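Every number here is computed from the coordinates shown, using simple stated rules; none is lab data. Remember, predicted model here, so these are calculated numbers, not experimental data. For neighbour counting, all protein chains shown are included, and Cβ atoms are generated from backbone atoms with ideal geometry for every residue, glycine included.
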């Protein structure tokens, strides 16, 4: 198979927030939620399901629950979807990179396009499919010892649903049940097995031992369906689907929690939750380091707002804001989610209260107002209330601090900013606004996106050494890194008159000696570095291929060295003859979001909801200088290359004036 993969040009794909795929439906405009009778008129065969359970009140309630929510679900089917599935089937072999898989499949079938898929709406579902799903759902709920501690409400939302997203509908419960239920035989009779959390932890440990989950960030299309359980490939959406299929097939209440957009990033994220015997939520994922579900309040990522996918439509949201396609963002038209921020935020949960005078314009009664977070230069709605003129302020409850928000309305399917951006401070819940009304100040910009959260910090206490012995048993310290390196090229002036033939950087404790580039110079004013033979600690073969010590002297800041052990790693040069060292320039391991010489950049600042350009320029060093209004929210765009860009401010932090990305 490997020989069939041709090295053709990589085809770029627009990567969208994966959450939107399962929330956004394809519905007729101005269609309100339908009553049970209206649904039965559209598909009379569904009466077969109701007749099947007319003498079983609980199964009848479950059937009605599913049928009432059929109009808000659909599948993508057809040959285009089948071809798209081949991406996961091939990638899960572990033999090829995602780019190789994409190029191979695309060269045969072309890129996946939703327009080429067939939309099949669930309101036309076959009654036999629903009956089979109901029977298997009740079977596992009633036969498993933990089932008695799962309420009917949680059963309906987190065990009973016949689908997960917009995948093609095929029977899956029996097959997955028979594949995994025997794994639980060893614990089923234990007293602890009456708690679904105990069973979920046991099963998660088993699943993490199966085989690695192969990540791909570039496949984009509908949910894969139950085959993903064995393909074990994809992104956070697919890893989440795997647990949902398996756990629900076994009667374990499980689902998907998500962020429309992560609080400190441009894209969404999703993961699994589990309910224990008391109905308390725990988070987990087969891709996370922990082998067991953890309390939701310990979840670490910055979130702003956290939601839980439901099978049922959230009528409370619809009743609050109404239905009007011209001023309701798509995710809020037929919302199948509920707000669970309070389960995750803990002490970081605060209300957001914005006085009416902070709004850009007057609003009429019943205007939907959205709490938004940023995604690149756009603003994504996270929550909504209906405005009333009698209000003195606009309030949103259950918001996690440490995120920048703004209020907005929606008109003609376009988000219209309504307030200045503001930071909801993490600890105390205070609100700090960003505006462009301050005096002009000069700033220095070093990045267009977050510096890596760990690699620069792990260089603190790293040491540059010189020696005339290859074993460095006699050595001198040339420099100790005291602060996190911020620049692409960090310059050190060395005050030492001795000559050395062997030079090295040795990483501090628990750092894996991560570093991208080093250059040693005889004199501080020299522009040509010293040449020599790279030396250092070796890695196992699989790591040596991509992160060997020769990378540190290849002149490419995108390549790097990492040692396979936390301690003891080092990298250096063996010179042809002893030399004095007057200067060292180094680069931390990174994501290549520094300022690159020759690239074209443009800085923007937000003013009353518009991104105002502060100028476009070609970089001549690893920094840019701009004059902008003090206190404004900023955004740096690279017109030459790359996609990672993020809102930031210039502020004092850690005793330095630097960029703070939000």
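Before moving on, here are some points about what is shown:
- The chain: angle of helix 79-91 to the longest principal axis, Cα-based, in degrees nearest 10: 50
- If you plug the beta carbon distance of residue 353 and residue 51 into 1/(1 + (r/R0)^6) with R0 = 56 Å, you get a FRET efficiency near 0.60.
- Helix-only mean residue ellipticity at 222 nm for the chain, each DSSP H run of n ≥ 4 adding -39500 (n - 2.57), per residue, nearest 500: -6000 deg cm²/dmol
- Across the chain, the relative contact order, built from alpha-carbon pairs under 8 Å that are at least six residues apart, equals 10 percent.
- The alpha carbons of the range 280-359 occupy a box of 46, 34, 21 Å along the principal axes, longest dimension given first.
- With Rh defined as the Kirkwood radius, the inverse of the mean 1/r over Cα pairs, the Rg/Rh of the range 427-499 is 1.19.
- Across the range 72-195, C-alpha contacts under 8 Å between residues 6 or more apart give a mean separation that, scaled by the residue count, equals a relative contact order of 33 percent.
- Sorted largest first, extent of the range 314-366 alpha carbons per principal axis (Å): 36, 33, 15
- Cα-Cα P(r), the range 368-432, percent of pairs per 10 Å interval: 20, 54, 24, 2
- Where N is the number of residues in the chain, Cα Rg divided by 2.2 N^0.38 Å: 1.09
- Cα long-axis angle, helix 57-68 against the chain (0 to 90 degrees, to the nearest 10): 60
- For the pair the range 377-416 and the range 590-662, the centres of their Cα atoms are 26 angstrom apart.
- Span from the the range 451-477 Cα centroid across to the the range 478-528 one, whole angstrom: 8
- With q set to 0.14, 0.22 Å⁻¹, the log10 of I(q)/I(0) for the range 257-395, from the Debye formula over equal scatterers at the Cα positions, is -0.75, -1.48.
- Applying the Kirkwood pairwise sum to the alpha-carbon positions of the range 197-321 produces a hydrodynamic radius of 15.4 angstrom.
- Inter-part distance, the range 555-589 to the range 106-132, computed on C-alpha centroids, equals 53 Å.
- Take every pair of alpha-carbon atoms less than 8 Å apart whose residues are at least six positions apart; their mean separation over the length of the range 229-303 yields a relative contact order of 25 percent.
- Measure of compaction for the range 36-160 (Cα Rg per 2.2 N^0.38 Å): 1.42
- Normalised radius of gyration (Cα atoms, divided by 2.2 N^0.38 Å) for the range 111-210: 1.30.
- Degrees separating the helix 196-208 axis from the principal Cα axis of the chain, which is the longest one: 50
- Normalising the Debye intensity of the range 548-662 to I(0), with uniform scatterers on Cα atoms only, and taking log10 at q = 0.15, 0.22 Å⁻¹ returns -0.86, -1.30.
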